[in-house]
Structure formats: C-alpha cells, structure tokens
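The values are calculated or read from the model by the stated rules, or taken from the named source; none is laboratory data. What you see is a predicted model; the values in this text were computed from it and never measured. Don't worry about glycine lacking a Cβ; one is built from the backbone with ideal geometry, like all the others, and counts go over all protein chains shown. Ligands, DNA and RNA are stripped out before the accessible areas are found, and what is left, the full protein with its side chains, is counted by its heavy atoms. Shrake-Rupley method; radii C 1.70, N 1.55, O 1.52, S 1.80 Å.
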Amino acid sequence: NEPDWWEGLDSLFSLGMLYDTRPPIEASRVVPSYPTSHDPGDLMSRELLVNLDLIRGEELLLNGERDEAEEQFRMALSRYDIETRGVLLNQLGIYFRKSDALELALETYNRALEKPILSSNQRAEIRFNISNVHKDRANLAMESSDYVAAVQHFEEAANYDENNSRLILNIGLIYAQHLRDNN
C-alpha cells in the first residue's frame, strides 16, 4: 500500500509465484502443469502444487473462463484427497468461497468434515463456514427474487449455525414481506 517502496526499481515482471525486477526474458516462461496423479510425497510440495493450481484458476477467472477456472480449482482440491487434516480443506473452502465458487466451497467443507484429524473447534468453524455459503446462496436467490429458494438456503444455513437467530428472522421476513405468508 506504500508506493514509495518501489521507486527507482524497474517494473515487476511475473515469473510465476516469485517476482523479479529484471527486464522480462525473451521467451515467456510457462509454469509447468503437474497432473493430479503427480504427488511429491510431502505436504509442503503438495501445497506448492495446490497454490500453482489456484494461481492458474485465478488467471482463468480474470479472463472470464469460469468453467476452466473451476476445473483448475478441482485439480487443487483433488491434491488433498490423501490429506488427513480437515483444516487444510477448510482453508481451501474459504478460498473457493472468496472466489465465488460456492458449490465447490460447499463440497470442500463437506470433505473437510470427513477427515479424521479435526478438532472440535475446527469442526465448529467448518460448520459456520458452510452456514456462510448457504447465506451467500440465499442472498443470491433474494437478488433474483427467488424467495422460495432463499428460504430453503436460510433454513440450510440454520442447520449448520443453530444459534444464529438472525437466520430465522430472515426467513420470517421473507415469508411476511415477499411470500405473503404471515403464519
């Protein structure tokens, strides 16, 4: 956020995940794509591959290629098939939600809940995150005036965040204001 730090330096040129201040090389560098069957065997290398997949997915999203981006995101998710810790999948689900890949976020959170290494606090956080995705879906349904779907999504959110009375209030407001059902 501070523009002064780079004054006097050449422009930054992307070399993949690292950035260099040297002039760009003549031939463009292509970050190799590794198939999902390629497993380096250690967590840090696997996470590096996941990050590369996510970077490629972001670039595809920027180019308006949503289906290809989701395919790239799915490749990232599949790299964690052998992972036993749910916390990594939770982090990936958060990323997918921020990327507006809501269905993929839900799938990722649900996979996280199935992992054997998951504390009760992590489980509660994942359930809260699932509730947030359902709230996002409810809000999208509201924007498109699909009030029945909005109620369904808010009800689903309430299944994962039982103590959130605001969800029940939203359901009541939709029934009263949009579906004209005061009961």
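Annotations for the structure displayed:
- Residues in segment 54-72 that are touching a Lys or Arg at 6+ places or on another chain (Cβ under 9 Å) and closer than 23 Å to Glu114 by Cα: 1 in all.
- Selection status of Glu107, within 17 Å of the chain's Cα centre (by Cα), modelled with pLDDT of 95 or more and part of a helix (DSSP H, G or I): yes
- Each residue in segment 148-183 was checked for being at positive phi and either open to solvent by less than 40 Å² (accessible area, probe 1.4 Å) or under 29 Å from the mean Cα position of the chain (by Cα) (or both), and 0 pass.
- If the condition is being open to solvent by 40 Å² or more (accessible area, probe 1.4 Å) and either among the basic types (Lys, Arg) or touching a Ser or Thr at 6+ places or on another chain (Cβ under 6 Å) (or both), then segment 102-134 contributes Arg111, Pro116, Ile117, Arg123, Arg127.
- So Ile55, is it touching a residue at least 24 places away in the same chain (Cβ under 8 Å), surrounded by fewer than 18 Cβ atoms within 10 Å (Cβ to Cβ) and not in a helix (DSSP H, G or I): no
- Test result for Phe96, closer than 23 Å to Leu77 by Cα and in a helix (DSSP H, G or I): yes
- Only residues that are in contact (Cβ under 8 Å) with a residue 24 or more places away in the chain and surrounded by fewer than 20 Cβ atoms within 10 Å (Cβ to Cβ) were counted across segment 64-76, and they come to 2.
- The lone exception for Ser145 - which of (1) among the small types (Gly, Ala, Ser); (2) at pLDDT 95 or above; (3) in a helix (DSSP H, G or I) it fails: (3)
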